[in-house]
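> Attaching a single structure in structure tokens format; questions to follow.
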Amino acid sequence: MQAERESDHSALACLHLRSLLATSPAYRAQWQVYVRRDSRQDIHQGAVAQVLAQYLWETGEAPETETDLPRRLKDRVGRALNGSLIAPATLRLFIEAFDMSRADANQLWALFMHAGSDDLAVLRATLDTGEPVLPPPTAHEALAVHEFHRMGSDRMPVEHRTLQVIRALEPMDRYLYQFDTNAAVVEVVRGGTAGPVRRSPFPGIYGVQVHLSRPLAPGETASIEYRTILSYTSAPPPEFRRGVLTRLRNLEMNLQFHPDALPARVWWGHWESVQAQAPSTLEEVTLTPDHDVHRYVPLLEHSVVGFTWEWD
């Protein structure tokens with residue numbers, strides 16, 4: 001079922017991506033310069049792969065010594081343009097390499113996520129240095145937090161979803177959600193709307209202000225839900241963690257693996273700090289028949305907990 005859901009989400013985005021590259025003069029002109037002979041194809045996959053490779057070379061994401069990069073990208077291009085499958089990292093690469101407009105990028109992500117384009121906050125490859133820095137978050141406390149983390153068939157994180165109940169400690173009309181640059185797009189599913197992406201004072205950290213559906217007076221509560229599509233280009237450490245600086249009640253963490261990419265072993269662990277490289281304690285856990293693991297923590301104070309795993 002998970003593979004079917006991923007394919008279904010990909011298909012609509014793939015179709016629209018193909019249409020943009022075939023019919024938009026701004027995008028079509030970029031790949032046409034690499035077509036060496038006449039072709040009856042509406043899109044030349046090799047030329048499109050050349051555009052992606054050129055972008056990766058220019059940004060330093062791939063060394064220029066990898067002269068076979070266009071050839072190696074052709075399979076990813078073929079899967080995307082044939083409408084079979086596109087990973088979040090590949091969709092983000094297309095958007096950035098062709099320097100797509102904000103409207104086209106938002107529409108592609110909306111189709112990929114089955115969401116409305118106005119409900120999304122999309123992280124651009126380069127934010128304007130004049131973009132305002134995020135203000136400090138409003139004082140509040142989390143009464144319950146549910147974290148769902150999903151891995152893809154390529155062993156990369158693809159989606160993170162959070163559902164939480166918050167209580168305001170001062171007048172509050174927005175909630176600050178922060179993430180690193182591996183987040184491609186954020187959708188607020190319930191409880192508010194997403195503002196634009198803003199820079200954080202901390203390097204590599206960005207954030208979205210979730211404008212709550214109604215302002216909160218001190219002591220009032222709200223339930224919000226948001227999900228993040230992730231676009232890692234290299235594998236992160238095999239960890240799914242949650243840190244708490246003060247106190248958090250009612251934490252649930254769920255880690256879902258793809259049936260075609262199951263880990264050899266999974267552990268529940270505690271880390272001494274967010275900076276700690278290795279957990280101080282480990283407890284091995286077993287995957288359910290649905291290929292996931294789950295843990296409920298009634299009270300967490302000044303701690304970091306989560307799952308870690310190893311592949312075959």
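The values are calculated or read from the model by the stated rules, or taken from the named source; none is laboratory data. These figures come from a predicted structure and were not determined experimentally. Counting neighbours? That spans all protein chains shown, and the Cβs are built from the backbone with ideal geometry, glycine included. When the accessible area is computed, the model is the full protein with side chains, heavy atoms only, and any ligands, DNA or RNA have been set aside. Shrake-Rupley method; radii C 1.70, N 1.55, O 1.52, S 1.80 Å.
> Which percentage, to the nearest 5, of the DSSP beta bridges contained in the chain is antiparallel?
Working: 70 of 77 bridges.
Counting only bridges with both partners in the chain, antiparallel ones make up about 90 percent.
> Also, quick follow-up: Which whole-Hz ³J(HN,Hα) couplings does segment 237-251 yield from phi under the Karplus relation 6.51 cos²θ - 1.76 cosθ + 1.60, θ = phi - 60°, glycine and proline marked x?
Values per residue, Gly and Pro as x: x, x, 9, 9, 10, 9, x, 10, 7, 10, 9, 9, 9, 6, 9 Hz.
> Pop out the carbon and sulfur fraction of the accessible area of segment 170-312 as a percent, whole number, probe 1.4 Å.
50
> With an 8 Å Cα cut-off and a minimum separation of 6 or more residues, compute the relative contact order for the chain in percent.
16
> Continuing with this model, one more query. Along the positive direction of the dipole of the chain (beta-carbon charges: Lys, Arg +1; Asp, Glu -1; about the Cα centre), which of GLN45, ALA62, PRO88 reaches farthest?
Value computed over the given set: GLN45.
> In a shell of Cβ-Cβ distance under 14 Å around ARG242, excluding ARG242 itself, what net charge do Lys and Arg (+1) and Asp and Glu (-1) give?
+1
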